[in-house]
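I have placed the structure first, in the form of structure tokens, so that the comments after it can refer back to it.
No lab work stands behind these numbers, since they all come straight from the coordinates. Being a predicted model, the structure only gives us computed values, none of them experimental. Here the Cβ positions follow ideal geometry from the backbone for every residue, glycine too, while neighbour counts run over all protein chains shown.
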Amino acid sequence: MLQQHTDVQVRAGSEADLPALTELYNHYVRETAITFDTTVFTPEQRRPWLHSHPEDGPHRLLVAWDTHLDRPLGYASSSAFRPKPAYATSVEVSVYLAPEATGRGIGTLLYEALFDALTDEDLHRAYAAIALPNEPSIRLHKRFGFRHAGTFGQVGRKFDRYWDVAWYEKELRHSGQA
């Protein structure tokens, strides 16, 4: 897989990436129901999100950077699932790709790197919320061993319509108590 992506470097997200990652995310805010955010962000507004993903630990941000074009092709993150302490061994994961990077294996590359980085963390489950319809995201998650856990019907309203969200879960290696 990496041989196909010789101009792509996957690395931890940094402060310098914030403007480009904000613009990439804002595309999905403006144009799609993939995120239920409805107002675009400034980089300053996204800074707390960036800082909630350090280079180590269970909450990561990995960026696929096109070294030839010097721009991001996408990012993957693992974030706190819920704020209560008992949820600490669960993470919510997501991938956002630049529109021109879809269908090129970049999502797979990012998830491979993310799940590899999380291998030694005290994590039990990963969850992904997928606004429907989104067959490419469902295929990606199934490829990584996620299974459908349930669907919330018409749980969000965006663009003057209601959207369903499917939840997927994946068991992770867990080093803590069962």
* To do: Using the number of other C-beta atoms within 10 angstrom as an exposure proxy, rank Glu121, Glu112 with the fewest first.
  => Glu112, Glu121
* **5 angstrom amide H check on Ala149, placed H, neighbours 5+ away** => Trp167, Tyr168, Glu169
* **Residue among Lys84, Lys142, Lys158 with the largest mean-square fluctuation in a Gaussian network model of the chain, springs linking Cα atoms under 10 Å** => Lys84
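By Kyte-Doolittle mean hydropathy of at least -1.0 and Cα axial length of at least 18 Å, which whole DSSP H helices of the chain are selected? Walk me through the intermediate numbers first.
Numbers: long enough: 18-31 (20 Å, -0.41).
Taking the DSSP H segments of the chain (at least 18 Å long, mean hydropathy at least -1.0), we get 18-31.
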* If you stretched the chain out fully between Arg71 and Asp160, how much longer would it get, using 0.36 nm times the residue separation minus the C-alpha to C-alpha distance? -> 28.7 nm
* Report the dimensions of the chain along its three principal axes from the alpha-carbon atoms, largest first, rounded to Å. => 45, 42, 32
* Asked: Looking at the stretch 1-101, which trypsin sites (Lys or Arg not before Pro) are DSSP coil and have at most 12 other C-beta atoms within 10 Å of their C-beta?
  -> none
* **About the Cα centre, charge dipole magnitude for the stretch 2-123 (Lys/Arg +1, Asp/Glu -1 at Cβ), debye** => 360 debye
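Just need the relative contact order of the stretch 2-123 here, percent rounded to a whole number, with Cα pairs under 8 Å and 6+ apart.
Details: 186 pairs, mean separation 30.1, N = 122.
Averaging sequence separation for qualifying contacts and normalising by length gives 25 percent for the stretch 2-123.
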* Compute the signed sum of charges (Lys and Arg +1, Asp and Glu -1) over the other residues within less than 13 Å, Cβ to Cβ, of Glu135. => +3
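How much mean residue ellipticity at 222 nm does the chain get from its helices, if each DSSP H run of length 4 or more adds -39500 (n - 2.57) and you divide by all residues, to the nearest 500 deg cm²/dmol?
Values: 4 runs with 44 residues, N = 178.
Helix-only estimate at 222 nm: -7500 deg cm²/dmol.
Would you mind ranking His68, His141, His27 so that the residue whose beta carbon has the fewest other beta carbons within 10 Å leads the list? Working shown, then result.
Working: His68 9, His141 24, His27 16.
The order, fewest Cβ neighbours first, is His68, His27, His141.
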* Identify which of Val91, Val63, Val165 has the largest mean-square fluctuation in a Gaussian network model of the chain, with springs joining Cα atoms closer than 10 Å. => Val165
